[in-house]
């Protein structure tokens, strides 16, 4: 599974965007080694825009204790704080080929591709 992971160390936060159309929530075991390698502990935000055409549940947030994900902490959200969501949208706009090949509806693709 290919992921882009952006670490915000000052916030104890990591944001994961998967690029190969495998839902990262179904592959948590493959993400754990990467987080451990960076000695990460904190909140992990998953941008699920490519797996969930429902923007009301675009982001999933899970705590990572340095060894494992704490599944009981799962929260779904439609938005993040403005600067984080803006950074995610910018990442998508800079990689339009990902949007073109995604499972997003035509209307959502058009929103991102015309931006």
Helical contribution to [θ] at 222 nm, DSSP H n ≥ 4, -39,500 (n - 2.57), averaged over the chain, rounded to 500: -9000 deg cm²/dmol
Mind checking the angle between helix 82-94 and the chain's longest principal axis? C-alpha axes, 0 to 90 degrees, to the nearest 10. 60 degrees
Residue span residue 28 to residue 86: 0.36 nm per residue of separation minus Cα-Cα distance leaves a gain in nm of 18.4 nm
Work out how much length residue 10 to residue 76 would gain on full extension: take 0.36 nm times their residue separation and subtract the Cα-Cα distance, in nm to one decimal. 21.5 nm
Neighbour-count order for 85, 34, fewest beta carbons within 10 angstrom listed first: 34, 85
For each of 111, 61, 16, count neighbouring Cβ atoms within 10 Å of the residue's Cβ, then give the residues from fewest to most. 111, 61, 16
Just report the Cα centroid separation between the range 21-43 and the range 62-115, whole Å. 16 Å
Where does helix 28-37 land angle-wise versus the long Cα axis of the chain, in degrees 0 to 90, nearest 10? 60 degrees
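Coordinate-derived values only; no laboratory data. The model shown is predicted, which means the values in this text are computed figures rather than measured ones. Here Cβ is always computed from backbone atoms with ideal geometry, including for glycine, and neighbour counts include all displayed protein chains.
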